[in-house]
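The values are calculated or read from the model by the stated rules, or taken from the named source; none is laboratory data. The structure displayed is predicted, hence computed values, not measured ones. For neighbour counting, all protein chains shown are included, and Cβ atoms are generated from backbone atoms with ideal geometry for every residue, glycine included.
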Amino acid sequence: MFKLVLLFTCLAFLDSAYGLRCISCNSVKDPDCANQPPQKYSVECAHLVLNIYDSFCLKKVTKDRDGKETTVRKCSAVENKDFTNECSVNPGTELVYCQECKDDLCNSANTNRFTFLGIMSAILVYFVTNHF
């Protein structure tokens, strides 16, 4: 029985072994990117960056001289994890918000994410510990 619980627990965390997933979109091209980006913009960052870099998700909101806000969500990476310039802006542009994060889909509007296997593992552990 222990082996079965261990198997489901491992499967629950299997999706995180494939690499970081981020939302990748730009509100200039799709206005939905600003507030509620669709899941169709979810990408795996592994194909965008090499393993030698420290990858992360980014959400950056800027405002131009006319007051128009632009939201960019993407995968990003830096060679030195202690230094990043992703939150810098061009002259004449104001930085409204900038977030760098390292959890799957952490740059989306809704960061609560549960996997099917994770939920099933929790249910299985509950029944095994309370009924056997």
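Does N107 count as modelled with pLDDT of 80 or more, part of a loop (DSSP other than H, G, I, E, B) and within 16 Å of C33 (Cβ to Cβ)? Spelling it out, N107 is indeed modelled with pLDDT of 80 or more, part of a loop (DSSP other than H, G, I, E, B) and within 16 Å of C33 (Cβ to Cβ). When C25, C87 are checked against the criterion of being buried (at least 18 other Cβ atoms within 10 Å of the Cβ), at pLDDT 85 or above and at negative phi, C25 stands alone in meeting it. Tell me, please, whether a residue that is buried (at least 18 other Cβ atoms within 10 Å of the Cβ), β-branched (V, I, T), over 21 Å from K40 (Cα atoms) and at pLDDT 70 or above can be found in segment 56-65. Scanning segment 56-65, I find at least one residue that is buried (at least 18 other Cβ atoms within 10 Å of the Cβ), β-branched (V, I, T), over 21 Å from K40 (Cα atoms) and at pLDDT 70 or above, so the answer is yes. Checking every residue in segment 30-49 against the condition of being at pLDDT below 60 and touching a strand residue (DSSP E or B) at 6+ places or on another chain (Cβ under 6 Å) gives at least one match.
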